[in-house]
1. Averaged over B:2-11, how many beta carbons belonging to a partner chain fall within 10 Å of each residue's beta carbon?
2. Pulled fully out, how much extra length does the chain show between B:THR83 and B:ASP171, if you take 0.36 nm times their separation in residues and subtract their Cα-Cα distance?
3. Per DSSP H run of at least 4 residues, take -39500 (n - 2.57); add these up for chain A, divide by its residues and hand me the 222 nm value, nearest 500 deg cm²/dmol.
4. Out of the total accessible area of chain B (probe 1.4 Å, heavy atoms of protein only), what percent is carbon and sulfur?
5. Starting from the residue with the highest accessible area, list A:ASP130, A:ASP246 in decreasing order, probe 1.4 Å.
6. Ranked from highest to lowest mean number of other Cβ atoms within 10 Å per residue, what is the order of the peptides B:236-243, B:35-42, A:111-118?
7. Given the C-alpha atoms of the protein assembly as shown, compute the convex hull and give its volume per residue in Å³.
8. Assign unit charges at the C-beta atoms only (+1 for Lys and Arg, -1 for Asp and Glu), then state the dipole size of region B:4-87 relative to its Cα centre in Debye, rounded to the nearest 20.
There are 2 protein chains.
Amino acid sequence: MADKSGEMELFVRAVALGSFSSAARALTITPSAVSKAVGRLEDRLGVQLLDRSTRSIRLTAEGQVYYLDCLRIVNEIDELERTLLARRNVPHGRLRVNSSVPIARRHLLPILPEFLARYPEIELDLSTSDEVLDLIESSADVAVRISPLQNSSLRARKIFDFRRIVVAAPDYLARHGMPARPADLSAHNCLAFNLKMSLNEWPFIEDGRSFTLPVQGNFRADKGDTLHELAVAGLGIARLANFMIDDDLRDGRLVPLLEDFHPNDTMGVYAVFFPQKHMPARIRCFVDFLIEKLGRYTLRVPQEPARRPASPVAHRVA
Amino acid sequence: MADKSGEMELFVRAVALGSFSSAARALTITPSAVSKAVGRLEDRLGVQLLDRSTRSIRLTAEGQVYYLDCLRIVNEIDELERTLLARRNVPHGRLRVNSSVPIARRHLLPILPEFLARYPEIELDLSTSDEVLDLIESSADVAVRISPLQNSSLRARKIFDFRRIVVAAPDYLARHGMPARPADLSAHNCLAFNLKMSLNEWPFIEDGRSFTLPVQGNFRADKGDTLHELAVAGLGIARLANFMIDDDLRDGRLVPLLEDFHPNDTMGVYAVFFPQKHMPARIRCFVDFLIEKLGRYTLRVPQEPARRPASPVAHRVA
DNA sequence: AGGATTTGTGCGTGCCGGTCACAGGGCGGG
DNA sequence: CCCGCCCTGTGACCGGCACGCACAAATCCT
């Protein structure tokens, strides 16, 4: 497999610049290399392309017609590669994103309009699904997930941390009393998950000792949003991600409980994607954008019950 | 200088055939080579062109646009090379031929129509000039010359041999008598050249001894044609190439003299051209054609005064 | 389930294409 | 007018690249 394009490129340069030497200088190789490349080209084609005198070169009749086509092809290759190289750095194309419903509602939807405005050539497909089933195999380029997936063939970048907070409606607390320590939860109606049972083991620290407390009540659901609504309605106590209930805490519809007993109940939200040798710009830009816009949210994790930083709702566009 | 076209070709074949393996089989290389070539291509472009599963390959979005351009360019290169390769074997283009006037008149002109008919894509430029001055440097592709030029950078192929014959008109002989031996020429009016003086030394063999006899008379000219016409007119004795006087010998306008004394007065007519690594087909064909059509003329050189082979005039087209 | 086929990788090696050095030949300048 | 610079071409040498080989992992088919 001879290097046709290389020989053609050298030939074109030599003709354009008028001599092998100048072409060699332009390409920082030796004149010998140019001479041999053109010679190989001629041998391969079986046609003499250049009449060489010791002082100059001149196109033969065949060389002239070949040169024109050659020039066109070389330029086409060059343009093709430059186009591709340029597009490589311009995010474009269909970007398929998958996340859970709450993360989409509270974090993604508010900032996606800005993302689309910043990268007009990106076409975004957002799908929301429960966290359990969906691998990134659900034909998505990026999944916004809780906890880095154990699948080692994936790569995860942390976007922000969040806390889970035990909360209840003031109404509920007025009726059933405020639990003073974790063990008191056994006397309360705790809203539980029916699919992700591990979420019914609430982690606490008491007297310097870490433990998990199984909770139960008279209602279970498969989605945090459901428990959230029922907690606001005063049905019981729930342990919910802080970003789900920012508004309710601010407006007093929910009240945090037992805050001193689970200071480190934090988890990360990650962008998960296939690592590939040549990462499409749209994926890199999207992940960078998520971290740029949502990374500050990490600051909220330290307990600051009195202060009230900007709510994620502030991200919403008017 | 990476082998762009080679990688492109492999990429196109792999996409077209649907797998690296089939492309490898088609090109009789190993799948490893295909895989590595596509990998190099992707590295160079910084873009992933193919999604590979262990069982199949699939074009990425970037790969699709690249593939189309790639296919076009590969086909263009292929077509360009095939076109050139085909044209290489089809004689075409301007063919510049130079010869002396007598050779052109007596040998070339009769057969050139057939040559042009056989090779319609050849455009023939025939120039005639005296033999002395003109090098092949007179911007001709082929020169039809007497005697292989001493310039060693040229190549010569013999087309046919000819003889020089000492002749006179019957009228002249009737008036001045027929010379019996070379020495008798001193009493005759010998028509001589004024430029190529060497032609005034006539070679003879007498009693097994070779010698040259300087001749002279009252008229000199620079062209054999001139001497020829004057000889026919009965002005004197001339030594002329046999092909110039075939008609006159046949029709009795000239009579050969002293034939037994210069049996080997022969010279060759040669096609002279620049040897080059890739000989243009038009040159090769022309020289072959000359030998094909005129080579038989060699048979005339042995003295056959009685017989009368086909005259070169027979070559003339009706 | 297991064989077969496919893609990818690590290693070794052969060869292509480069540099280097030199020859030959024109054109220009001293 | 001749010397010298610069041009192209060739031969020897050699280094890096690209291929083949063997193996691994994965998936499809039987």
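The values are calculated or read from the model by the stated rules, or taken from the named source; none is laboratory data. Note that the structure is a prediction, hence the values are computed from the model and not measured. No Cβ is skipped: glycine too gets one built from the backbone with ideal geometry, and neighbour counts run over all protein chains shown. Heads up: the accessible areas ignore ligands, DNA and RNA and are worked out on the full protein's heavy atoms, side chains in. Shrake-Rupley method; radii C 1.70, N 1.55, O 1.52, S 1.80 Å.
1. Working: counts 3, 7, 11, 11, 6, 3, 5, 3, 1, 0.
Rounded to a whole number, the mean comes out at 5.
2. Taking 0.36 nm per residue and subtracting the Cα distance, the gain is 25.4 nm.
3. The per-residue figure over chain A is -11500 deg cm²/dmol.
4. Numbers: 8140 of 15590 Å².
Percent of accessible area from carbon and sulfur atoms in chain B: 52.
5. Working: A:ASP130 55, A:ASP246 25 Å².
Correct descending sequence by accessible area is A:ASP130, A:ASP246.
6. Values: B:236-243: 23.4, B:35-42: 19.4, A:111-118: 14.4.
Put in order of decreasing packing, that is B:236-243, B:35-42, A:111-118.
7. Details: hull volume 146.2 nm³, N = 636.
So the per-residue hull volume is 230 Å³.
8. On the way: 12 positive and 11 negative charges, 61 e Å.
For region B:4-87, the charge dipole is close to 300 debye.
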